[in-house]
Amino acid sequence: MIYQKRGIALTIIISAAIAVLLITPFWGMESISIRSIFDNENQLVDRIFWMVRLPRVLAAFLAGAALAISGMVFQAMFRNPLATPFTLGVSSGAAFGAAVYIKIGVIFSAFGVPGQSLAAFIGASLSVILVYGFSRMRKIFTPATMLMAGVAINFFFSSLILFIQYLSDYANSFRIIRWLMGGFEIAGFRPVFSILPFVIIGALLIALVIHELNLLLLGEDIALSRGVAVNKIRAILFFATSLMIGAVVSVCGPIGFIGMMTPHICRLILGPDHRLLAPASFFFGGAFLVLCDTVARILIAPAEIPVGVITALLGGPFFLWLLLSGSSEHNPLG
């Protein structure tokens, strides 16, 4: 009966996310009707819908889904609901890589992948390697040690970004500041296609080891006793999350709190089983960021608020609630 209810809840979440994807492209400073995009009477409305709103909604959905499922993975591995790509320094590492790319000013691509995405992926990977390496330097290796190392690396990369910004000219400095606030001021489908393959590959890798992730949630010793190659699984999960976060940050900048709030809300609804939690986090996170971005572009129209500001305004109180409720002191077993 419980699994049936959770199955229904998952179906509702996925259906609601699809509804958000279908409806939000029509919302904006000026609403667009379905008929107007097919009658070809107003070319401007057509271009706004197909070249601005639809790509923006799709990019926001992919970014939110990637951030949410990455947060779910980190919370399971570290058995801590405060562990996210943001708090572990992965987002800051990706942001540092992208900031260096902007500062250098050389535009390139490799195998069809934009240079900014590659730089962000390298930064995210470097952050993971540093966190993992520093954690292993201690004789007693615990998730708490790794989490603290992640917080330190996060501050380190944040200070390096500020240093790069200080050395930049006015134009690049403003570009970096605006980008660090997070946003989806994009046109066309190219940014969507620059995120899509990384999100698909990362999500598939996580899906392939979802059973092992459930065992890791019970503790490293239990996972080892069940035959899980813990280090190998961690390496796969770190690679998958770095891939997704690097791609997302290179397009929309670092957007905080999605990776913390979404898995926690879904866990309250569906429980800790990642076979349900993973798809729920994916769709809930995507829809949640799409709604935040919709608010960001409507609230003070015709001006826009960076979506990172909206998520921070929501995430700050949520973070405090986690601390005051004591949820942060327990592992995410539900």
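Residues in region 274-289: is at least one more than 30 Å from L118 (Cβ to Cβ), touching a helix residue (DSSP H, G or I) at 6+ places or on another chain (Cβ under 8 Å) and crowded, with 22+ Cβ neighbours inside 10 Å? For region 274-289, residues more than 30 Å from L118 (Cβ to Cβ), touching a helix residue (DSSP H, G or I) at 6+ places or on another chain (Cβ under 8 Å) and crowded, with 22+ Cβ neighbours inside 10 Å: present. The one condition from (1) modelled with pLDDT under 80; (2) within 20 Å of I206 (Cα to Cα); (3) of a type in the set (G, A, S); (4) part of a helix (DSSP H, G or I) that A83 does not meet is (4).
Looking at this structure, is L44 over 23 Å from V192 (Cβ atoms), part of a helix (DSSP H, G or I) and either modelled with pLDDT of 90 or more or not β-branched (V, I, T) (or both)? Criteria not met by L44.
Results for (1) open to solvent by less than 10 Å² (accessible area, probe 1.4 Å); (2) over 20 Å from M148 (Cα atoms), shown as yes or no for each residue.
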residue	(1), (2)
N42	no, yes
D46	no, yes
A63	yes, yes
A68	yes, yes
L82	no, no
P85	yes, no
G105	no, yes
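If I go through region 127-146 residue by residue, how many of them are among the hydrophobic types (A, V, I, L, M, F, W, C), open to solvent by less than 60 Å² (accessible area, probe 1.4 Å) and at pLDDT 75 or above?
The number of residues fulfilling the criteria is 3.
Output the number of residues of region 244-259 satisfying the condition of being at pLDDT 85 or above and more than 8 Å from the chain's Cα centre (by Cα). Total satisfying the criteria: 0. Taking the condition open to solvent by 70 Å² or more (accessible area, probe 1.4 Å), touching a residue at least 40 places away in the same chain (Cβ under 8 Å), in contact with a helix residue (DSSP H, G or I) (Cβ under 9 Å, 6 or more places away or on another chain) and over 15 Å from M77 (Cβ atoms), does I201 pass? For I201, the condition - open to solvent by 70 Å² or more (accessible area, probe 1.4 Å), touching a residue at least 40 places away in the same chain (Cβ under 8 Å), in contact with a helix residue (DSSP H, G or I) (Cβ under 9 Å, 6 or more places away or on another chain) and over 15 Å from M77 (Cβ atoms) - is met. Within region 34-73, the set of residues being touching a residue at least 24 places away in the same chain (Cβ under 8 Å), among the β-branched types (V, I, T) and more than 30 Å from V230 (Cα to Cα) comprises V52, V57. When A152, A171 are screened for being surrounded by fewer than 21 Cβ atoms within 10 Å (Cβ to Cβ), farther than 24 Å from V73 by Cβ, small (G, A, S) and more than 17 Å from the chain's Cα centre (by Cα), only A171 passes. Would region 16-35 turn up any residue that is among the aliphatic types (A, V, I, L, M), surrounded by 16 or more Cβ atoms within 10 Å (Cβ to Cβ), at pLDDT below 80 and not in a loop (DSSP other than H, G, I, E, B)? For region 16-35, residues among the aliphatic types (A, V, I, L, M), surrounded by 16 or more Cβ atoms within 10 Å (Cβ to Cβ), at pLDDT below 80 and not in a loop (DSSP other than H, G, I, E, B): absent. Taking the criterion of being closer than 17 Å to F78 by Cβ, assigned to a helix (DSSP H, G or I), touching a His at 6+ places or on another chain (Cβ under 8 Å) and open to solvent by 20 Å² or more (accessible area, probe 1.4 Å), would at least one residue in region 309-326 satisfy it? The answer is no, given that none of the residues of region 309-326 is closer than 17 Å to F78 by Cβ, assigned to a helix (DSSP H, G or I), touching a His at 6+ places or on another chain (Cβ under 8 Å) and open to solvent by 20 Å² or more (accessible area, probe 1.4 Å). For region 209-228, the set of residues classified as modelled with pLDDT of 85 or more and either outside any helix (DSSP H, G or I) or in contact with a Phe, Trp or Tyr (Cβ under 8 Å, 6 or more places away or on another chain) (or both) consists of V209 only.
The values are calculated or read from the model by the stated rules, or taken from the named source; none is laboratory data. Since this is a predicted model, take the numbers as computed values, not measurements. Neighbour counts run over all protein chains shown; Cβ positions are idealised from the backbone, glycine included. Accessible surface is based on the protein model in full, side chains and every heavy atom, while ligands, DNA and RNA are left aside. Shrake-Rupley method; radii C 1.70, N 1.55, O 1.52, S 1.80 Å.
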